[in-house]
Amino acid sequence: MHFIEMATKQVISQVIRENFVQLEEKLDCTVLLGHLYSKNMISRSEKELVQACVTRHKQSRELLDILSTK
């Protein structure tokens, strides 16, 4: 992995962490999951894991957790 890729991933993780509460409350994963999957940003199993969550709030939390570790 290149330095710029690592730095970008660290910045993304930091932004998610700093805005976690607001993102968790406002994020609607319905359309976003398909987009992330089609761009190979999340795997099929990660997509299914988010979809298995019962509420929109839990889906948001799960997706943010996944994205913050990438």
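The values are calculated or read from the model by the stated rules, or taken from the named source; none is laboratory data. Keep in mind it's a predicted model, so treat the numbers as computed, not measured. Every residue, glycine among them, receives a Cβ derived from its backbone with ideal geometry; neighbour counts consider all protein chains shown. Areas reflect the complete protein model, heavy atoms only, side chains present, ligands, DNA and RNA absent. Shrake-Rupley method; radii C 1.70, N 1.55, O 1.52, S 1.80 Å.
Quick notes
- Selection status of L36, touching a Lys or Arg at 6+ places or on another chain (Cβ under 8 Å) and modelled with pLDDT of 90 or more: yes
- Within segment 42-70, the set of residues being open to solvent by 60 Å² or more (accessible area, probe 1.4 Å), in a helix (DSSP H, G or I) and not basic (K, R) comprises S45, E48, L49, Q51, H57, D65.
- Cβ-Cβ contacts under 7 Å between residues 6 or more apart (or on different chains), taken from a first residue in segment 15-41 that is open to solvent by less than 60 Å² (accessible area, probe 1.4 Å) to a second residue that is not in a helix (DSSP H, G or I), are listed as L36/I42.
- Selection within segment 37-70 - among the basic types (K, R) and over 15 Å from Q22 (Cα atoms): K39, R44, K47, K70
- Scanning segment 47-70 for residues that are closer than 12 Å to K26 by Cβ and more than 9 Å from the chain's Cα centre (by Cα) returns R56, H57.
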